[in-house]
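To keep things clear, I will list the structure first and then write my remarks on it.
The values are calculated or read from the model by the stated rules, or taken from the named source; none is laboratory data. Note that this is a predicted model, so its numbers are computed, not measured. Cβ placement follows ideal geometry from the backbone for every residue including glycine, while neighbour counts extend to all protein chains displayed. To get the accessible areas, we keep the full protein, side chains included, count just its heavy atoms, and leave off ligands, DNA and RNA. Shrake-Rupley method; radii C 1.70, N 1.55, O 1.52, S 1.80 Å.
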Amino acid sequence: MLWSGWGDPAKAAALPAPIRGLLRDMLGVRAPETPAASFGEVRLPVAALSPLVLSELRGIVGADHVRADDDARIRHTRGKSTPDLMRMRAGDGSDAPDAVVLPGSHAEVLELLRACAAHRVAVVPFGGGTSVVGGLVAARQGFAGVVALDLARLNRLVSVDAESMVVEIEPGLRAPQAERLLAEHGLTLGHFPQSFEYATLGGFAAARSSGQASAGYGRFDDMVVGLTVATPRGTLDLGRAPKSAAGPDLRQVILGSEGAFGVITSLRLRVRRAPAERIYEGWRFASFAAGSAALRRLAQDGPLPTVLRLSDETETMIGLARPGEIGGPVADAGCLVIAGFEGSSEVAALRERAATVLAGLGGVPLGPGPGESWAHGRYSAPYLRDSLLAEGATVETLETAGFWSNLPRLYDAVRLSLHASLGSPLVMCHVSHVYGTGASLYFTVVTAQSADPLAQWEGAKRSVNEAIVAAGGTISHHHGVGRDHREAYAAEIGDLGVEILRGVKGRLDPEGILNPGVLIA
Ligand SMILES: Cc1cc2nc3c(=O)[nH]c(=O)nc-3n(C[C@H](O)[C@H](O)[C@H](O)COP(=O)(O)OP(=O)(O)OC[C@H]3O[C@@H](n4cnc5c(N)ncnc54)[C@H](O)[C@@H]3O)c2cc1C
């Protein structure tokens, strides 16, 4: 993973000429005056951990699994939001952990947490490092140091219960490795977020992730039937049946807790049979409203495709909905819907029934071209962000969700807020997760960088968070809370809600060492 950007540097994507022209002419983007810092220029804080603490940590996991070198510290600094990348490109390594610790078992995690609590060392659980909400930045104040607890060594498929279609799997497995191991048993999770190449299963559970095929396979939190969690107070082992009426479901307290309540060391997940057939195709609708109505019909009355996405007019025109095919803007493109069907023999019939519904609601079939193009380029868009930043454009994404009846208001509120803060940015939106009762809205914003692009974006982000809360949306459908959404989350759940969470944290983590400052203040 590129330390100051996204993904495999070999896959870096140059901006096509029409897009560069568009940035210059439409948004006034100019090349930044200061070049990005090199790896060697990153400024790190002096490592704070005492030799005594380091030696204790080494005693628990072995000397090879405690790293305090610059390379490890830089690669575990923050996540992959645009502000995170801007700070790294400016050589700001001030949030680097003092050391990176790689435990090899649940017992080692427990021991590490006890040692860190005793020495008041903050602990940041680290999966794939793809958080985009500031979930990997611990508050240092009041602590003797910060360690990143990298779960990469907890990477086994522990067991497969083919009868129940449940697997036990460790949290440090990255999604592609997990899919490879499951494929050997003819199984899949069906969880394909855009961060698929790097994110881990523990991170998916801790941040309540949702993948591009969520209509068919569900959100990641829907897949979790059980969890084992290490806390400074001991072990929580949750989930012994598919559903239960035995009181409140404590699994839900851990899902979305972003490392603030405990470290997930094992997951029991519902799996599906790997699909034998896949069909992806495109549809055109005259407007976002018409497309939304069609998605709602499918979500409420069926048949529901496995993948169902709708781009608004701007996103369709710019072509970011098909990152492999960016060839410049296309006027009057309407709104693109991608419908994907995965499964076995029933797929063709399902597709036929969905096609009848879409056509009946004004959709024009575009055939498999746009669908296959989307499937082929589905992980490429994040690579463009690095090129855009280098070009002098800020590009960032944000997301929310709401009930169908409130979706137009939410859509307008976000766009208005971004325009008020940023002048005339390019704001694109798509719906990619649908439910009977509502859907998510996912926005991509591109704007010319000001003299202080970080402050420019942070101001816009504060305003848009407030706009989302005021318009009745949730502050996150799938990115989580981290530090960046903490205030808006508090506004969403109210003072009593925050008190409940503080109570849980106080019980599980009395010294407050777990990801301090993330989720709740
Ligand atoms: C380019 C890009 C595209 C993205 N696309 C999507 C998308 O399509 N859908 C989506 O849902 N998200 C997406 N994300 C966001 C991100 O990938 C998800 O939030 C993902 O769940 C994070 O997984 P991770 O393994 O990288 O976790 P990390 O970033 O390492 O950690 C995320 C949070 O969980 C905590 N944590 C990690 N592992 C554990 C554990 N084992 N126990 C307890 N706490 C833990 C961390 O402390 C942190 O607070 C995207 C991010 C990027 C950069």
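Taken together, the residues in segment 5-35 that are buried (at least 17 other Cβ atoms within 10 Å of the Cβ), farther than 15 Å from Gly377 by Cβ and within 16 Å of the ligand (Cβ to nearest atom) amount to 1. I'm trying to understand the selection: among the residues of segment 119-141, which are within 8 Å of the ligand (Cβ to nearest atom), in contact with an Asp or Glu (Cβ under 6 Å, 6 or more places away or on another chain) and part of a loop (DSSP other than H, G, I, E, B)? Hits for segment 119-141 are Val133, Gly135. Name the residues in segment 4-20 that are more than 23 Å from Ile74 (Cα to Cα) and touching a residue at least 60 places away in the same chain (Cβ under 8 Å), would you? Across segment 4-20, the qualifying residues are Ala13, Ala14, Leu15, Pro16, Pro18, Ile19, Arg20.
Restricting the first member to segment 384-405 and to residues that are more than 15 Å from the ligand (Cβ to nearest atom) and part of a strand (DSSP E or B), and the second to residues that are among the aliphatic types (A, V, I, L, M) and at pLDDT below 95, the beta-carbon pairs closer than 6 Å and six or more apart or on different chains are Ala393/Leu23. Within segment 260-267, the presence of a residue that is more than 9 Å from the ligand (Cβ to nearest atom), open to solvent by 20 Å² or more (accessible area, probe 1.4 Å), more than 18 Å from the chain's Cα centre (by Cα) and not acidic (Asp, Glu) is excluded.
For segment 90-118, a residue qualifies if it is among the charged types (D, E, K, R) and either outside any strand (DSSP E or B) or not assigned by the TED database to the domain that holds Ala63 (or both), and the qualifying residues are Asp95, Asp98, Glu108, Glu111, Arg114. For segment 366-376, the condition holds for no residue, the condition being that it is touching a Leu at 6+ places or on another chain (Cβ under 9 Å), under 30 Å from Ala36 (Cα atoms) and open to solvent by 20 Å² or more (accessible area, probe 1.4 Å). It is to be established whether one or more residues within segment 477-485 are open to solvent by 10 Å² or more (accessible area, probe 1.4 Å) and away from the ligand (no atom under 16 Å from the Cβ). So far as segment 477-485 goes, no, none of its residues is open to solvent by 10 Å² or more (accessible area, probe 1.4 Å) and away from the ligand (no atom under 16 Å from the Cβ).
Results for (1) more than 18 Å from the chain's Cα centre (by Cα); (2) away from the ligand (no atom under 14 Å from the Cβ), shown as yes or no for each residue.
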{"position": "Val146", "(1), (2)": "yes, no"}
{"position": "Leu157", "(1), (2)": "yes, yes"}
{"position": "Ser164", "(1), (2)": "yes, yes"}
{"position": "Val167", "(1), (2)": "yes, yes"}
{"position": "Arg174", "(1), (2)": "no, no"}
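Would a scan of segment 283-290 turn up a residue that is in a helix (DSSP H, G or I), among the aromatic types (Phe, Trp, Tyr), over 30 Å from Glu108 (Cα atoms) and at pLDDT 95 or above? Looking through segment 283-290, at least one residue is in a helix (DSSP H, G or I), among the aromatic types (Phe, Trp, Tyr), over 30 Å from Glu108 (Cα atoms) and at pLDDT 95 or above. Looking across segment 119-150, the residues that are within 19 Å of Asp484 (Cβ to Cβ) and hydrophobic (A, V, I, L, M, F, W, C) come down to Ala122, Val124, Phe126, Val132, Val133, Leu136, Val137, Ala138, Ala139, Val146, Ala148. A count restricted to segment 182-198 and to residues that are within 6 Å of the ligand (Cβ to nearest atom) and either among the charged types (D, E, K, R) or open to solvent by less than 20 Å² (accessible area, probe 1.4 Å) (or both) stands at 1.
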